[in-house]
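Trainee: The structure's right below; bear with me while I get my questions together.
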Amino acid sequence: MQENQNQDLENEELYEHYNFTASVGQEPLRVDKFLMNFIENSTRSKIQQAAKAGNILVNDVVVKSNHKIKPNDVVRVVLTYPPAEQLLVAEDIPLDIIYEDDTVIVVNKPAGMVVHPGHGNYSGTLVNGLIHHIENLPTNSNERPGLVHRIDKDTSGLLVVAKTEFAMANLSKQFFDRTTERLYYALVWGRVEEDEGRIEGNIGRSLKNRLQMDVFTEGDFGKHAVTHYKVLERLTYVTLVQCKLETGRTHQIRAHFKHIGHTLFNDERYGGDDILKGTTFTKYKQFVNNCFKVLPRQALHAKTLGFTHPTTGEFMQFNTEVPQDITDCLEKWRTYSENSKEQTE
């Protein structure tokens, strides 16, 4: 049976839909359950059907649904049709282009826009707009045109896009060597006591919630991550901070600040959409809910981006204004803080 399945794989043109590597701390787990932890909106029956058809491979060997995953195993799901994210369609989407030349583009991404197509978001992404704006963008190692780095859907701010193969390689090395400059503004819950600080801790996928990243201060799990921060403004029960990334891990700022007890304001995925600090008064709860309405996403903005131009060698720095939704939320907190001071004086 195994031999027949392998022959089927060789005779059909297959496309990789998913590729996951089990962590070093992975406990033995059935492959169907393992995949359910990573593929959003999947069902066990669909995964089992894929396994029955010989479309699930572990370390390039076809396996059954009850195969046990071990640390560092590479799990792939291959099917006879290309995934939707590979069927890129150019779309005439307005882009806020801050800078453009023959080599690079700097884009100010609005909150709510997904950077690249993926499960559940196959249109309306930044990449769909980019390939309409420019033909023949180079692709990165994940076959995503122009992308050197990314920011989350509900994070606003600056990204640099490569227009040539050389620029792609050059900028990728700058990000790998940590020679780029990336400054974020974040509004976090609670009073951050230190004026400046450094958060260090490996970041990896949470062992409890597959949609979150977690911080692991001991052992080899996760990837090394460092965030530097500086307090810009303390507003009673929240703090505005500037974050400088030394590394660029998935959800780095969101995970690091939750780890030190200062979850980002209105960060639904990490619990920041609850009232984490403050009073129990009904008026205060209503005030916070009004802030959530003004800022219906996590309070995080990629404000400054600096890099060395791939062809000229000039260091270029770009800045954006803080978006209106974050500004409006800050104004509400400033008014609240001023009123609180008056009442205590």
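Trainee: From the square roots a ≥ b ≥ c of the eigenvalues of the alpha-carbon gyration tensor of segment 216-342, which class results: rounded (a/c under 1.5), prolate (a/b over b/c), or oblate?
Mentor: It comes out oblate by the Cα gyration axes.
Trainee: For the chain, what does -39500 (n - 2.57) per DSSP helix run (n ≥ 4), summed and divided by total residues, give at 222 nm, in deg cm²/dmol to the nearest 500?
Mentor: Result for the chain, helices only: -7500 deg cm²/dmol.
Trainee: Using only Cα atoms, figure out Rg for segment 113-167 and give it as a multiple of 2.2 N^0.38 Å. Let's see the in-between values first.
Mentor: Working: Rg = 10.8 Å, N = 55, 2.2 N^0.38 = 10.1 Å.
Rounded to two decimals, the normalised Rg is 1.07.
Trainee: Ok, one more. As an exercise, use a Förster radius of 45 Å and the Cβ-Cβ distance of residue 191 and residue 134 to find the FRET efficiency, rounded to the nearest 0.05.
Mentor: The value I calculate is 0.50.
Trainee: Hey, another quick one. Please report the accessible area of residue 177 (heavy atoms, 1.4 Å probe, ligands and nucleic acids excluded) in Å², nearest 10.
Mentor: Approximately 70 Å² for this residue.
Trainee: Output the relative contact order of the chain, whole-number percent, from Cα pairs under 8 angstrom with separation of 6+ residues.
Mentor: Reported relative contact order: 13 percent.
Trainee: Turning to a different aspect of this structure: Between 112, 157, 190, which gets the highest mean-square fluctuation from a Gaussian network model of the chain, Cα cutoff 10 Å?
Mentor: 112
Trainee: For segment 232-291, what are Rg and Dmax over the alpha carbons, in angstrom?
Mentor: 12.9, 41
Trainee: If one computes P(r) from the Cα atoms of segment 118-207, what percent of pairs lie at distances over 18 Å?
Mentor: Details: 2426 of 4005 pairs.
In whole percent, the share of Cα-Cα pairs in segment 118-207 beyond 18 Å is 61.
Trainee: Mind pulling the per residue volume of the convex hull built on the Cα atoms of segment 66-182? Å³ is fine.
Mentor: It comes to 151 Å³ per residue, whole-number rounded.
Trainee: Using the Cα centre of the chain as origin and beta-carbon charges of +1 (Lys, Arg) and -1 (Asp, Glu), tell me which of 216, 183, 304 is placed farthest towards the positive end of the dipole.
Mentor: 216
Trainee: Continuing with the same structure: Leaving ligands, DNA and RNA out of it, rank 262, 301, 132 by accessible area with a 1.4 Å probe, largest first.
Mentor: Result, largest first: 132, 262, 301.
Trainee: Can you give me the % of accessible surface on the chain that is carbon or sulfur? Probe 1.4 Å, all protein chains present, nothing else counted.
Mentor: Carbon plus sulfur share of accessible area: 45 percent.
Trainee: Gaussian network model of the chain, Cα springs within a sub-10 Å range: biggest mean-square fluctuation belongs to which of 77, 188, 238?
Mentor: Greatest mean-square fluctuation among the candidates belongs to 77.
Trainee: Roughly how compact is segment 172-230, stated as its Cα Rg over 2.2 N^0.38 Å to two decimals?
Mentor: 1.34
Trainee: Looking only at 281, 34, 265, which one moves most when the chain is put into a Gaussian network model with springs between Cα atoms under 10 Å?
Mentor: 281
Trainee: Given 20 Å bins starting at zero, what is the percent of C-alpha pairs of the chain in each, up to the one with the largest pair distance?
Mentor: All Cα pairs considered, the percentages come to 26, 53, 19, 1, 0.
Trainee: I would also like to ask the following. Mind checking Rg over Rh on segment 138-296, alpha carbons, Kirkwood formula for Rh?
Mentor: Rg/Rh: 1.01.
The values are calculated or read from the model by the stated rules, or taken from the named source; none is laboratory data. Here the structure is a predicted model, which means the values were calculated and not measured. We place every Cβ from the backbone using ideal geometry, glycine too, and count neighbours over all the protein chains shown. In case anyone asks, the SASA skips ligands and DNA or RNA and just uses the protein heavy atoms, side chains included. Shrake-Rupley method; radii C 1.70, N 1.55, O 1.52, S 1.80 Å.
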